[in-house]
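Q: This is the structure I want to talk about, given as structure tokens.
The values are calculated or read from the model by the stated rules, or taken from the named source; none is laboratory data. Every value quoted in this text rests on a predicted model; they were computed, and no experiment measured them. In this analysis, Cβ positions are derived from the backbone assuming ideal geometry, glycine residues included, and neighbour counts consider all displayed protein chains.
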Amino acid sequence: MYKSVDASVMRRFNKETVLSLLYQQEQTSRVAISDKTGLNRATVSSLVDELIAEQFVEEIGFGTSKGGRKPILLQFNAGAGYTIGVDVQITHATTVLSDARLAVVYEHRRQLDTRIPPIRSEQLLNVLKEEIESAMVACPPSPHGLLGIGVALPGLVNYVTGHVSFLPNLNITEWPVVEQLSRVYSQPIIIDNDANSGAWAVYLRHRIKNLVFINAGIGVGAGIVINGQVYRGRDGIAGEAGHTTISTIGVLCSCGNYGCWEQYSSEQALARYLREQGIDPLDEFSPLFVSHCVEQAQNGVDAYSNSLRSLGQSLGIGISNLLQILNPEAIFLGGTIAQAGSIIIPEIQRVIRHRAINKNKEMPIEIVAQPIVAVGAAGLALAQAINIFPVRDS
Ligand SMILES: [Zn+2]
């Protein structure tokens, strides 16, 4: 027999819709919320009053009137609570504490020694705990305190189960990281792939509903946002664009295949291009490697500018492939490689104009500065804590 939706479930859903809309807007009013959601004005008023009492929403004065009473303006309270985001990369980890509007109020970056000997998951867990605890100390007083913790990891991560299946460049497999962190912290904990986290942050900041965020560092991954949602695929491993083949008899990759895009468009590729030009990159696997290469290129050392241009061209090939498949509204490039934006972007654009079809040729390519991935991890924790989702903005 058909069972109608429970009234309390409906009320909760409506409340989340109102809060999501308030999060999406700089400021709005009860009347505007009613018009946009189709909820009647009495319901909206009651839900908004509840959200004001919970200090998620505040009244900030009067708007302009189209005749009749001036509407009271409402805004989402950025100081309602805070979230922590940690971005783990191969050579470094970045931790942020963000307010509920994802403004960063604390940031810490530390070098990671993960390669010789290879870091074990227990050691990485300790790094996460140290970083989380330092950020907790920095958390200002607020009505809801610490709302959640998000961790972005470079590899195959199941966002739903909280389980890491494989971090290729760290060689960590089958790691129940959320379960382990949940034994220590009472706040909700969420993990995701680093590129997915970056894509989510870009979406929340720019409100572009269809985008690709490429995180290029030691490895390369893509985070895909489709219609305002991160696309994760069946097993949470969508967007592993770094492991798509661009050369059938190419370089051996950490995933076991040959000719992966990552092997031509990452820091590892940059080091190889330099070696091919007779330069031994001593600071390979240092967090400053890319900025050092950019400096050398700007000083007129040809081997560095040639290597960075090769890197840009390879990035352009993979990006063209993504454009043909997804035709997004924009591509965003983050990670350490983004520091070379002034040299690589013209190369990427040249390749795209040559290889991409139709309007994809003119696709905007934007550089995104760090700590976008850590902010995205904090944003995922926020979205989980207060259930923000895209609301049709008519
Ligand atoms: Zn690979």
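Q: Would you check which residues across the range 269-295 are more than 16 Å from the ligand (Cβ to nearest atom) and of a type in the set (A, V, I, L, M, F, W, C) and list them? Can you show your working first?
A: Residues of the range 269-295 more than 16 Å from the ligand (Cβ to nearest atom): 270-271, 273-295.
Answer for the range 269-295, where residues must be more than 16 Å from the ligand (Cβ to nearest atom) and of a type in the set (A, V, I, L, M, F, W, C): LEU270, ALA271, LEU274, ILE279, LEU282, PHE285, LEU288, PHE289, VAL290, CYS293, VAL294.
Q: Consider only pairs whose beta carbons are under 7 Å apart and that are at least six residues apart or on different chains; among these, list those whose first residue lies in the range 349-360 and is free of Cβ contacts under 8 Å to residues at least 24 places away in the same chain and surrounded by fewer than 18 Cβ atoms within 10 Å (Cβ to Cβ) and whose second residue is of a type outside the set (Gly, Ala, Ser) and assigned to a helix (DSSP H, G or I).
A: Taking only residues 6 or more apart or on different chains, the pairs are ARG353/LYS361.
Q: Determine, yes or no, whether ALA222 is within 15 Å of the ligand (Cβ to nearest atom), assigned to a strand (DSSP E or B) and within 20 Å of GLY85 (Cβ to Cβ). Walk me through how you get there before you give the answer.
A: Numbers: within 15 Å of the ligand (Cβ to nearest atom): yes; assigned to a strand (DSSP E or B): yes; within 20 Å of GLY85 (Cβ to Cβ): yes.
Spelling it out, ALA222 is indeed within 15 Å of the ligand (Cβ to nearest atom), assigned to a strand (DSSP E or B) and within 20 Å of GLY85 (Cβ to Cβ).
Q: Which residues, counting only those in the range 166-213, are touching a residue at least 40 places away in the same chain (Cβ under 8 Å), in a strand (DSSP E or B) and either outside the structural domain of CYS255 (by TED's automatic domain parsing) or not aromatic (Phe, Trp, Tyr) (or both)?
A: Result: ILE172, TRP175, ILE189, ILE190, ILE191, ASP192, ASN193, LEU211, VAL212.
Q: Which condition from (1) within 13 Å of the ligand (Cβ to nearest atom); (2) touching a helix residue (DSSP H, G or I) at 6+ places or on another chain (Cβ under 8 Å) is the one that TYR258 breaks?
A: It fails just one condition, (2).
Q: Among the residues of the range 273-306, which ones are under 28 Å from the mean Cα position of the chain (by Cα) and part of a helix (DSSP H, G or I)? Even if it seems obvious, please write down each step before you answer.
A: Going through the range 273-306, the residues under 28 Å from the mean Cα position of the chain (by Cα) turn out to be 283-295.
Hits for the range 273-306 are PHE289, VAL290, SER291, HIS292, CYS293, VAL294, GLU295.
Q: Against the condition at pLDDT 95 or above and part of a strand (DSSP E or B), how does ILE132 come out, does it pass? Step through it out loud before you land on a result.
A: Details: at pLDDT 95 or above: yes; part of a strand (DSSP E or B): no.
No.
Q: I would also like to ask the following. Can you tell which of ASP235, ASP192 is of a type in the set (D, E, K, R), more than 11 Å from the ligand (Cβ to nearest atom) and within 18 Å of PHE389 (Cα to Cα)?
A: Working: ASP235 fails: within 18 Å of PHE389 (Cα to Cα).
Result: ASP192 is the single residue among ASP235, ASP192 that is of a type in the set (D, E, K, R), more than 11 Å from the ligand (Cβ to nearest atom) and within 18 Å of PHE389 (Cα to Cα).
Q: Among the listed residues SER314, SER266, SER320, SER307, which satisfies the condition of being within 16 Å of the ligand (Cβ to nearest atom), farther than 24 Å from SER165 by Cβ, modelled with pLDDT of 95 or more and among the hydroxyl-bearing types (Ser, Thr, Tyr)? Step through it out loud before you land on a result.
A: On the way: SER266 fails: farther than 24 Å from SER165 by Cβ; SER320 fails: within 16 Å of the ligand (Cβ to nearest atom); SER307 fails: within 16 Å of the ligand (Cβ to nearest atom).
Going through SER314, SER266, SER320, SER307 in turn, the sole match is SER314.
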